Amino acid sequence: MTEAIRASVEAYVPTCEQEEHDWQTILRCLAAFPDLLLRSCQPMHLTASCWITDPTRTRVLMAYHNLYRSWAWLGGHADGDADLLAVALREAQEESGIRNVRPVSAEIFSLEILNVGAHRKRGAYVPAHLHLNVTYLLEDDGTEPVRAKPDENRAVRWFGAEEVLDAVEEVSMHPIYRKLLDGMRRFPPHTDR
C-alpha cells in the first residue's frame, strides 16, 4: 500500500538539515510500519499538507486552525489513501471551499515530521503522536470566495508572503513556514491563468 509513497519519498531531494533527518526517518518508518496510512497506526501516521500560493507567488492561503489556535497551512490525514497529492487537494477544497486549486508540481514539495500533542477531537481522546507529513505546492488564482470549515478551522484567508510569519502564533512552525516560503520562490510566478 505504501510502495508508491516510498518511491516518491526516496526520489525526493532534501533541501535542508531538517528535511535530511526527517527524510531518513520517514523512509525507515515506511519500511517498518505497513499501516502508516491509517490513524490507528500509533505513535505515528502519514499526513499530507498543502502550501497554497497564488500564481504570482506573493500570497499564501491559510486557515486559523482550531486545535493549534494559530494560522496554519491546510492538510490532513491519509486515512488509507495512498495518493497523498489527492489527499492534499481534497483537504485544500474541504478546509477552504476553493475548487480551482491545482498542483504546481505533482512532486513532493517538502517533508517534515510534526509533533501533535494529546487532545480531544469530536469528544474522543487522541493521544500524542507524530505526523509523517508530505507537503505539496498547490496554486489557486485567489478569486474564489473562501470559507471556514467550523470543525477544523474558524477562518480562512489569503496572506501576503511577508505577513505569514507575523500571523502564525505557533512559533514552532516558523522554521517550516520559512522553508516553504523560500521553496515556493523556486517556482516562477506567472499571470497567464
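Values in this text are rule-based calculations from the coordinates and carry no lab data. No experiment lies behind these values; they were computed from the predicted model shown. As a convention, Cβ positions derive from the backbone with ideal geometry for all residues, glycine included, and neighbour counts pool all protein chains shown.
So what is Rg over Rh here for the chain, counting just Cα atoms and using Kirkwood for Rh?
On the way: Rg = 15.8 Å, Rh = 16.9 Å.
Using only Cα positions, Rg/Rh for the chain is 0.94.
Report the local net charge at H77: Lys and Arg +1, Asp and Glu -1, summed over other residues whose C-beta lies under 10 Å from its C-beta. Write out the running numbers ahead of the final one.
On the way: positive: R39; negative: D79, D81, E91.
So the environment of H77 carries a net charge of -2.
How do the peptides 142-150, 88-96 rank, highest first, by the average count of neighbouring beta carbon atoms within 10 Å per residue?
On the way: 142-150: 13.0, 88-96: 21.8.
Ranked from most to least packed, the peptides come out as 88-96, 142-150.
What percent does the relative contact order of segment 3-184 come to when contacts are Cα pairs within less than 8 Å and at least six residues apart? Kindly include the intermediate steps, with their values, before the conclusion.
Working: 351 pairs, mean separation 48.5, N = 182.
RCO, segment 3-184: 27 percent.
Could you go through segment 75-90 in sequence order and give the Karplus-derived ³J(HN,Hα) for each residue, using 6.51 cos²θ - 1.76 cosθ + 1.60 with θ = phi - 60°, rounded to whole Hz, and x for Gly and Pro?
So the J values, rounded to whole Hz, are x, x, 6, 5, 6, x, 8, 7, 8, 5, 5, 4, 4, 4, 5, 4.
For segment 145-151, just list the computed ³J(HN,Hα) in residue order, Karplus coefficients 6.51, -1.76 and 1.60, θ = phi - 60°, integers in Hz, with x standing in for Gly and Pro.
3J(HN,Hα) across segment 145-151, in whole Hz: x, 10, 8, 6, 10, x, 7.
Take each of the peptides 161-173, 121-133, average the number of other beta-carbon atoms within 10 Å over its residues, and list them starting from the highest.
Averaged packing, sorted descending, gives the order 161-173, 121-133.
Counting Lys and Arg as +1 and Asp and Glu as -1, what is the net charge of the other residues whose Cβ lies under 13 Å from the Cβ of C41? Each step should come with its number before you reach the end.
Working: positive: R39; negative: D35, D79.
Local charge sum for C41: -1.
Please figure out what share of the DSSP beta bridges in segment 3-184 is antiparallel and state it in percent, rounded to the nearest 5. Let's see the in-between values first.
Working: 28 of 38 bridges.
About 75 percent, rounded to the nearest 5.
Points 7 angstrom from Cα along the Cβ direction at R185 and A82: gap in nanometres?
Placing both labels 7 Å beyond Cα along the Cβ direction yields 3.8 nm.
What are the extents of the Cα atoms of segment 97-193 along their three principal axes, in Å, largest first?
47, 28, 27
Can you list the HN-Hα couplings for segment 97-105, worked out from phi with the Karplus curve (6.51, -1.76, 1.60; θ = phi - 60°), rounded to whole Hz and with x for Gly and Pro?
x, 6, 10, 9, 5, 8, x, 6, 8
Taking the square root of 5 times each eigenvalue of the Cα gyration tensor, what semi-axes in Å does the equivalent ellipsoid of segment 1-50 have, largest first?
Details: eigenvalues 69, 29, 22 Å².
Values for segment 1-50, descending: 19, 12, 10 Å.
Sum -39500 (n - 2.57) across every DSSP H segment of at least 4 residues in the chain, then divide by the residue count to get the 222 nm mean residue ellipticity, nearest 500.
Numbers: 5 runs with 53 residues, N = 193.
When only DSSP H runs of four or more count, the value is -8000 deg cm²/dmol.
So, with +1 on the Cβ of K and R and -1 on the Cβ of D and E, and no other charges, what is the size of the charge dipole of segment 3-184 about its Cα centre, to the nearest 20 debye? Don't skip to the answer; put the middle values down first.
On the way: 18 positive and 28 negative charges, 125 e Å.
It works out to roughly 600 debye.
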